[in-house]
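Note sheet for the following structure.
The values are calculated or read from the model by the stated rules, or taken from the named source; none is laboratory data. None of these values were measured; they are calculated from a predicted model. Here the Cβ positions follow ideal geometry from the backbone for every residue, glycine too, while neighbour counts run over all protein chains shown. These accessible areas exclude ligands, DNA and RNA; they are computed on the full protein's heavy atoms, side chains included. Shrake-Rupley method; radii C 1.70, N 1.55, O 1.52, S 1.80 Å.
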Amino acid sequence: MLLRAQSLRKAYNGRAALADVSFSLEAGTSLGLIGENGAGKSTLVGILSGTVQPDGGTLEWEGKNVHIRKPRDAAALGIRVVPQHDSLIGRFTVAENVALASGLPAFPRRAEMRARVCALAAELGLDPGDPDAPCESLSVGTRQRVEILKALSRPTRCLLLDEPTAVLTPAEVSDLLAVVRRLRESGVAVVLVDHKLHEVIEACTRVAVLRRGRLVKELITEGADPAELSRAMVGHAVESPKRPPAPAQRKVLLEVQQLTTAREGAGVPLDSMTFHVCSGEIVGFCGVDGNGQQELVEALVGLRSFAGSVRCDRTHGVAAIPPDRRAEGLLAGFSMGENLHLDRILLDRAAPRGWLPPSALRDAAAAAISRFAIRAPGPDAAARELSGGNQQKIVIARALARQPSVLIAANPTRGLDVDAAASVHREILQFAGNGGGVVLVSPDLDEIAALAHRVFVLSRGKARGPFEAPLDERAIAAIGTAMAGGEFE
Amino acid sequence: MKITQLQPGWTAVAALLAAVAAGSSVLFAAGADPGDVLAAVVRGAFGDLYAVGETLTRATPLLLAGLAVALGFRAGVLNIGAEGQIMAGAAAAVAVGLHMGGVPAPIAAAATLAAAACGGAAAASVAAWLRYRRSVPEVLSTILLNFVLLNLSSWLVRGPLQEAARAYPQSDRIAAEAMLPQLAPPTRLHAGFLLALAAAGCCYLLLFRTALGLRLRAVGLGVQAARFAGFEPAKVAFFATSMSGALAGTAGGVEVAGLTGRLYGDLSGGIGYVAIAVALLGRLHPLGIVAAAIVFGALESSAAEMQRSAGVSAAVAQVIEATALMGLLAADFAAKRASRSGATAESAAEEPA
């Protein structure tokens, strides 16, 4: 037995993140760790990698008790971590980043570093592209491969992959899962943290389900029933959202023609996008992050100058759920009421003479709490006291308060658990059902496929498509190709 | 209860107590009796009418300049140029106040202070323009402008604004009509203190009771969120910088119109830097800043009494001020670490939506 964890416990401010979790890991096996957001997956990875100290419980490594007090202790055992967000130094090249992880001689030689990366890449079958390219110029998928090479550049007994597939295209996901299988066969113990069942079932020998800090199910993957695992994950069956039928009356609410933006910083400029959104319609834009999503949202809400035309029903206009809830959607330090007025138009409406009485803020918060079933300590609570799902409800409440004719929903369920995501989906569907138009931007193809009437793929600033719902297997395959930047017929 | 779990307001008080404790141990090591010294501080700051008057007199510019710093910080503008803006305000007040002879007193004083506010705002606007048109960080521009403005005022009192007698590097006295009324003679306390209190009240209302205040705080907490709200962060921050400069300028104007009557080269005497400590100790909250300014005013006004009756150098007052600030930063750091592990808890511990 390589690693045995016994009754691990960890609480934050009295709230249990992990309660009595025991599991074991053998060399040459892979364990899929699944669970919703907040189930305790990150805490468990943190304990194994030395960034989180458990409150109780023991860890055994090859039969001996070990204490992993800091990341260096974990590294000394041969535990390698591929973090959720890569930790590469952007200005450094691929070869330099990998060399940095595996220890540098006093006078590193470029050719040596390059040769080492190439040898490693060939051995593992991971293509990091040009070893002399600076990492900031690479796509997210490539950066992740570099991160894996970095981890494996030293002798590895156990590899922890923390939600590695969230940022990948379907083709990249299957490549990654193949790497996981190869590593397992070469004798490494792999822990794959994920919240997508089918990926875990494909790549892992065993799967463990975490729910509310407890290990509720552990079983051999072969012959496992996905539906049973799904129930174990959430605790009850989850209804998938029902897309309303495509509207018969085609009243165009938003018409975008030849939308083109200038290059700005590291972003991808939009390249003559043309599409329209009708009343009652949900138009989905899927694609890997960084292919023009931010630019599209900002251009549509008027925060970015562009060439071409965006025509919208002027009386109500557009309102947005911004792509990054924590940086753009709301302010953690603001109260709910203040966050509900984080909008020029709503603020002017609430304070026509400039005075903003506290009662206006509190009333708005109380109204949102009851209308959207927000769970909050009280109407004066700060946004940081709310869970991600409840925070997102505030963002949605604010967007809908403008009574827009078109709702731009960007990454509306990012980081939310299944139940919270379902309630966000219900709001979006209800908005469309009442005759609103929705632009849904999301890297999650499953979400797009479930909600959108028409789907475009955003790839390097271009919109490819549309694909009409319901998406069949051929359409999904074509979307996958387009997401990866390839051509399709 | 761990200190890291204290509320932000309490961390300020805890830092102050820690500073007093640290200061006492320094005194003890130096051979003085800390009890004697503390008694001297209290007596020197609040012992009689004169002491109270002196404490509040010294608190006045600290309060105005502290509000100036806080208003900027709240909007994410790190204006550390209050020192220079105080001098700009003082110079403008003198330039106008000299010509107020014969004008009715309230109008003369108001015009003098308005000039001071404009002077400070103009000085800060230079930094704001550099920041929002030319991307020069305001931390750099404001501190560099301090040198420019301090030297400019020292040139003024040797050149265009020098007294008619040309004896000392100072200006003539401004017109008597432009001087602020004394509140409690024979103390030096003047109406500027009431003005500073009113300014604190106005800052509170602006920040927490108006739409503009919400915009301002939003920009300070997160530029991206403010941008998505349609708040135009650059405009809001420009406004905050100018307001901040106007308050600091008023601090300089009040010193002139309430106390000195003249412009000197070293009139500001570090108030603009102490104001940063006042603003932070006051938790960037106008009411907290009133308390912090009085505490710092008390320390400064009692320095003399401390020296006289306890035989301790007046520099100890500055040591306590500095220790309080460092204690506060340490408490902040601890609180931030605690809240960071709390934030991980939020994402790690399950909470149904």
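I need the semi-axes of the equivalent ellipsoid of chain B: take the C-alpha gyration tensor, multiply each eigenvalue by 5, square-root it, list largest first in whole angstrom.
Details: eigenvalues 230, 171, 58 Å².
Here the semi-axes work out to 34, 29, 17 Å.
Find the relative contact order for chain A and round it to a whole percent, using C-alpha pairs within less than 8 Å whose residues are 6+ positions apart.
Details: 984 pairs, mean separation 74.1, N = 489.
Relative CO of chain A lands at 15 percent.
Each listed q (0.13, 0.23, 0.31 Å⁻¹) maps to a log10 I(q)/I(0) for the range A:10-63 from the Debye sum over equal C-alpha point scatterers, namely -0.34, -1.04, -1.52. Quarter the surface of the alpha carbon convex hull of the range B:194-324 and you get the mean projected area, 9.7 square nanometres. The mean count of C-beta atoms from other chains within 10 Å of the C-beta of residues in A:412-421, rounded to a whole number, is 1.
So for the range B:32-168, what are the equivalent ellipsoid semi-axes in whole Å, largest first, each being the square root of 5 times an eigenvalue of the Cα gyration tensor? Walk me through the intermediate numbers first.
Working: eigenvalues 182, 122, 51 Å².
Those come to 30, 25, 16 Å.
For the range A:3-234, what does the relative contact order come out to in percent, with C-alpha contacts under 8 Å and a separation of six or more?
Working: 456 pairs, mean separation 67.9, N = 232.
Relative contact order here is 29 percent.
Could you give me the percent of Cα pairs per 10 Å distance bin for chain A, shortest bin first, beginning at zero and ending with the bin that holds the maximum distance? Result returned by the calculation: 4, 17, 26, 26, 18, 7, 1, 0.
With a 1.4 angstrom probe, the accessible area lost at the B-A interface totals about 3300 Å².
Only DSSP H runs of four or more residues enter the estimate; each adds -39500 (n - 2.57), and after division by the residues of chain A the mean residue ellipticity at 222 nm equals -10000 deg cm²/dmol. The relative contact order of chain B comes to 35 percent, based on Cα pairs under 8 Å that sit 6 or more residues apart. Just going by the charge dipole of the range A:3-234, with Lys and Arg at +1 and Asp and Glu at -1 on Cβ, which of A:Ala11, A:Val146, A:Pro128 is farthest out on the positive end? About the Cα centre, the residue reaching furthest to the positive side is A:Ala11. Label-to-label distance, B:His99 versus B:Arg209, with points set 7 angstrom from Cα along the beta-carbon direction: 3.7 nm. Built from the Cα atoms of the range A:3-234, the convex hull projects on average onto 12.8 nm², one quarter of its surface area. Remark on A:Asp324: its backbone amide H falls under 5 Å from those of A:Gly329, a criterion applied only to residues 5 or more positions apart or on other chains, H modelled at 1.01 Å from N. With both labels modelled 7 Å from their Cα along Cα-to-Cβ, the A:His316 to B:Arg166 distance reads 7.8 nm.
Compute the Cα gyration tensor for the range A:343-434, then decide on rounded, prolate or oblate, letting a ≥ b ≥ c be the square roots of its eigenvalues: rounded whenever a/c is under 1.5, prolate when a/b is larger than b/c in the other cases, and oblate in all that remain. Could you put the intermediate results ahead of the total?
Working: a/c = 2.19, a/b = 1.32, b/c = 1.67.
Taking the square roots of the gyration eigenvalues as a ≥ b ≥ c, the range A:343-434 is oblate.
Would you mind working out the accessible area per residue for the protein assembly as shown, using a 1.4 Å probe, and quoting it in Å²? Don't skip to the end; give the middle numbers.
Numbers: 36240 Å² over 842 residues.
On a per-residue basis, the protein assembly as shown sits at 43 Å².
Residues whose amide H lies under 5 Å from that of B:His190, counting only those 5 or more places away or on a different chain, are B:Leu183; hydrogens are built 1.01 Å from N in the peptide plane. Rounded to two decimals, the Cα-based Rg/Rh of the range B:148-219, with Kirkwood Rh, is 1.20. Of the DSSP H helices in chain B, those that are both long (alpha-carbon extent of 30 Å or more along the helix axis) and hydrophobic (Kyte-Doolittle mean at least 1.0) are B:8-29, B:49-74.
Just to check, using Stokes-Einstein with a Kirkwood Rh over alpha carbon pairs, what's the diffusion coefficient of the range A:252-483 at 10 °C and 1.306 mPa s in µm²/s?
On the way: Rh = 18.1 Å.
After rounding, the answer is 88 µm²/s.
Only lysines eight or more places from A:Lys217 in sequence, or on another chain, were considered; those with a Cα closer than 28 Å are A:Lys10, A:Lys41, A:Lys64, A:Lys196.
Which residues in the range B:201-238 place their backbone N less than 17 Å from a point set 7 Å from the Cα of A:Arg362 along the Cα-to-Cβ direction? Residues B:208-210 fall inside that zone. Shape verdict for the protein assembly as shown, please, from the Cα gyration tensor: rounded (a/c under 1.5), prolate (a/b greater than b/c) or oblate. Prolate shape, in that a/c is at least 1.5 and a/b is the bigger ratio. Working note: 222 nm ellipticity from helices only, DSSP H runs with n ≥ 4, each -39,500 (n - 2.57), summed and divided by the residues of chain B, gives -24000 deg cm²/dmol to the nearest 500.
Each part gets one Cα centre, and for the range B:76-92 versus the range A:408-476 those centres are 52 Å apart. Charging the Cβ of each Asp and Glu at -1 and of each Lys and Arg at +1, and nothing else, the dipole of the protein assembly as shown about its Cα centre rounds to 780 debye. For A:Ile408, the residues 5 or more places off, or on other chains, whose built amide H falls under 5 Å of its own are A:Ala319, A:Ala320, A:Ile321, A:Val439.
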